[in-house]
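Below is one structure, written out as structure tokens; comments come after it.
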Amino acid sequence: MLSRTADCLFWLGRYTERAANVARGLSVTLRMASLSSELGAELDAWRSLLVASGCAPGFDAKHAETTQENVVDFLVRDPDNLSGIIPCFAAARHNARTVRTALTVDMWGALNDTWNQIRAAEFQGEKLPGFLEWVRERVLLFNGAAQDTMLRGEPWLFVQLGTALERADNTARLLDVKHDLLGPGSQGTVAYGQWQAILQSVSALRAYHWVYRDRLEAKRIAELLILRPELPRSLVACFGRVLEVLERIAAGQGGRRGECHRLAGELHARLAYGRIGDILEGGLHAFLTDMIGRTARLGAEIEAFYIRP
Amino acid sequence: MRAFDEMRQGPEGPVRGAYAEVAAWLARTPAHELEAKRAEAELLFRRIGITFAVYGEGGDPERLIPFDIIPRILGRGEWERLSAGLAQRVRALNAFLADCYGPQEMLKAGRIPARLVTGNELFRPEMLGFTPPGGVYTHIAGIDLVRTGPDEFYVLEDNARTPSGVSYMLENREAMLRLFPKLVARHRLLPVNRYPEDLLATLKAAAPERAGPDPTVVVLTPGSFNSAYYEHCFLADEMGVEVVEGADLFVENEVVFMRTTAGPRRVDVIYRRIDDDFLDPLAFRPDSMLGVPGLMAAYRAGNVALCNAPGCGIADDKAVYPYVPEMIRFYLGEEPKLANVPTYLCEREEDRAYVLAHLDELVVKLAQGSGGYGMMIGPHATAAERAEFAARIRARPADYIAQPTLALSTVPTLCASGIAPRHVDLRPFVLSTKDEVRIVPGGLTRVALREGSLVVNSSQGGGTKDTWVLESDPGQGGVAC
């Protein structure tokens, strides 16, 4: 496959996943903000969403005040924010159009219809919950179309690679912004609400109960989201998927491998054989910062090996 | 000026045989049903993403070329005559190109002025003394035809470089099959869907000999901002080959490679949809970001084929066009089967005098323009516009040609006010290898949607129609409806 095609497909996977992740983040923040009892606490929720998504510096450059409306506008519409929902769809559609022939009609249709509708969509105030739900559904539709209709060749693998890597990055960032709530000794009703929110944002609240059959606890939440392979958005599951995909690409090319394969293997092994006690002991924040850095390095190594040799 | 309508003469006149079924269908289908189908067609095209990009004019850059749901129909006999004329014409164009970049016999014989050829800015001296594999230059040509009467067809212009529009020909047929399966089934149509296969065979036949039986073919596009990008992808997809941009290719030791996830892969044939000027910054425009440095050297070394060959512009230049009938006589020893539109070259003194005196009757065009830009239709122009063109012609006579304003034939078209006649042209696509010429029956019918307009170009608000060639000639005589 052309390197440029691989580039477009990899980022197509990343952008669509990012759009859904921003929508998830917004949904949960909206919920937390409306539940918060203390005056001003809801603004903290919006603030921490900006930090989690890595969008705080860009936001502060444009807005003096952190309000719900400002944050929503920045994370949904603002063309200057390349991680916003609409800019992500714009970039995803641009990539899809560039490599139109590598996609199936259903994948293109899912994206193109989304793009045709999203430009006129209303998303402020009362419209926000419905809009965010719709965004998540559109990405599920796109992922389903890819899953159901794409030939299992390199194009498919590069989309999967982008999706899995972006998802890993999102889970790590989400945990990191709440790391103090998951540390030892954290409890109380405020913390409980926050824990629920973290789990909801990765669609894992029910999963928690199925896995642990017990009340919420900081250590278990960290374990579920980092080390449990059953949860499709846990770090270990995401890196397992990255490694599996990279190995399948290598197998299709007669075993040609590079630094990205080694790094993915190392990252996955660390998680697959890691223990939550050790991670918490060393400090959750330090661990997650390291993971976010390594995820970025892995992305760069993948590009260096397959896309821009 | 009354135009020839391809379905019927006058609202109560007899229907021509080929249109019998369609006329009956139009007569019995209520207007709102046709309108609903038209809306459905638009949704279909928008959904597939068949858009035509127009940048720098404001508005949505991704525009749909309006599709008209009423087909344009040719009988088998009409098509046979046209296709024989098209094959003849393209054979002559290829012979002319081989001659211009070779022995230049037609020039030496004084049958065409040398300055129109070697002095033409589209002439590529880089092509002198080099023969492409098989001696073919324009592998894919689009010949624009217009009609003024039952048997009067004219060639309006030749497109020997990178003609576009063939994807619309194919998608229009698909759309008709989806929207009107019953209507299509009541006709026996010659199929168009072999085109991608024929194109691939044509490209493979152009490969350098050393490439073997299964050469690697790619489509080279300027990128997703190009107006015809959809078509580049569509054709690549239909042929099962890669669509590449300049940056995807590189040249090493005069061999062309593409960058793939599994490392470099050798390329044998490039169906290039970028202009000569941008092909290779080392050979042509040094500021080109679209091309591939070293490509011309690889081409001249015989390591890669370019389709079409560089330098084909001298064959489709509007100032050279009046000499095409002469080319047919000179190279093939035959009389032209398809007529030219009489053309005045403003650089000839007597032609210029005639043009300036008859500006209100003539169409004036730039000799090297395309897409309907830089054009004036005398009978529709204001006095001020005519004065402006007169001044331009006097200032740069060699840049302009003029032709009589033809009463282009019309075909019924669904407009806001209902069904009305609109002017059409036809662009068939002609594929050439050293052994044969292939033409898919029909081509792209373009229609001027504004009442009375003669400009069919999509960049000027033109639309398209599906073009049907019937498997057999219909019975003569009209059908009363």
Could you work out, for chain A, what percent of all Cα-Cα pairs fall into each 10 Å distance bin, beginning at 0 Å and stopping at the bin that holds the largest distance? 6, 27, 34, 25, 8, 1, 0
With a length cut of 30 Å (Cα positions projected on each helix's long axis) and a Kyte-Doolittle mean of at least 0.0, go through chain A and give me the DSSP H helices that pass. A:3-35, A:128-149, A:154-177
How are the alpha carbon pair distances in the stretch A:151-309 distributed across 10 Å bins from zero to the largest one, expressed in percent? 10, 40, 30, 15, 5, 0
Counting each pair of different Cα atoms once, what's the Kirkwood radius of the stretch A:183-240 in Å, rounded to one decimal? 11.5 Å
Calculate how many DSSP beta bridges within the protein assembly as shown are antiparallel, expressed in % of all such bridges and rounded to the nearest 5. 75 percent
Return a whole-number percent for the relative contact order of chain A, with Cα pairs under 8 Å and 6 or more residues apart as the contact set. 22 percent
Average partner coverage of A:96-104, which counts Cβ from other chains inside 10 Å: 5
With labels modelled as points extended 7 Å from the Cα through the Cβ direction, what inter-label distance (nm, one decimal) is found for B:Arg450 paired with B:Lys37? 2.8 nm
Where does each of B:201-208, B:269-276 land if you order them by average Cβ count within 10 Å, highest first? B:269-276, B:201-208
To the nearest 20 debye, the stretch B:70-177 has a Cα-centred charge dipole, built from +1 on Lys and Arg Cβ and -1 on Asp and Glu Cβ, of 180 debye
Could you give the length gained on full extension between B:Arg194 and B:Ala390, defined as 0.36 nm per residue of separation minus the Cα-Cα distance, in nm? 65.9 nm
Nitroxide proxy distance, nm - points 7 Å out along Cα→Cβ at A:His285 and A:Gln200: 2.6 nm
How large is Rg over Rh for the stretch A:1-100, taking Rg from the Cα atoms and Rh as the Kirkwood inverse mean of 1/r across Cα pairs? 1.08
Just from its helices, what would the mean residue ellipticity at 222 nm be for the protein assembly as shown, if runs of 4 or more DSSP H residues each count -39500 (n - 2.57) and the sum is divided by every residue, rounded to the nearest 500 deg cm²/dmol? -14500 deg cm²/dmol
How much length, in nm to one decimal, is gained on full extension between B:Arg81 and B:Asp360, taken as 0.36 nm per residue of separation minus their Cα-Cα distance? 97.1 nm
Pop the C-beta distance of A:Glu122 and B:Ala114 into the FRET formula with R0 = 56 Å and round what comes out to the nearest 0.05. 0.25
Averaged across the residues of B:258-266, what count of C-beta atoms belonging to other chains lies within 10 Å of each residue's C-beta? 6
Spatial extent of chain B: Rg and Dmax, with the Cα atoms as the point set, Å: 22.7, 70
Let me know the whole percent of all Cα-Cα pairs from the stretch A:2-54 that are separated by more than 18 Å. 47 percent
Burial-style ranking of B:96-103, A:55-62, average other-beta-carbon count within 10 Å with highest first, yields B:96-103, A:55-62
FRET efficiency estimate (nearest 0.05) - Cβ-Cβ, A:Arg308 to A:Arg257, R0 30 angstrom: 0.95
Defining a contact as two alpha carbons under 8 Å apart and six or more residues distant in sequence, what relative contact order in percent does the stretch B:138-178 show? 37 percent
Just to confirm my numbers, what's the Cα centroid distance between the stretch A:268-283 and the stretch B:159-195 in Å? 62 Å
Zone of B:Gln368 (label point 7 Å along Cα→Cβ, backbone N under 17 Å): which residues in the stretch B:267-295? B:275-280, B:284-288
I'd like the Kirkwood hydrodynamic radius of the protein assembly as shown, using the inverse of the mean 1/r over distinct C-alpha pairs, in Å. 30.0 Å
What does the average come to when, for each residue of peptide B:242-253, you count the partner chain Cβ atoms lying within 10 Å of its Cβ? 2
Between B:Glu252 and B:Leu128, what FRET efficiency follows from the Cβ-Cβ distance if R0 is 22 Å, with the result rounded to 0.05? 0.25
Hits for chain B under the membrane-span-like helix rule (DSSP H, Cα axial span at least 30 Å, Kyte-Doolittle mean at least -1.0) are B:76-100
Which one of A:Asp169, A:Asp73, A:Asp113 has the biggest mean-square fluctuation once chain A is modelled by GNM with Cα springs under 10 Å? A:Asp113
Return the inverse of the average 1/r over all pairs of distinct C-alpha atoms in the stretch B:342-405, which is the Kirkwood hydrodynamic radius, in Å to one decimal. 11.2 Å
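None of the figures in this text is laboratory data; all of them are computed from the coordinates on show. Note that the coordinates shown come from a computational prediction; the quantities given were computed from them, not determined experimentally. Note that we place each Cβ from the backbone using ideal geometry, even for glycine, and neighbour counts take in every protein chain shown.
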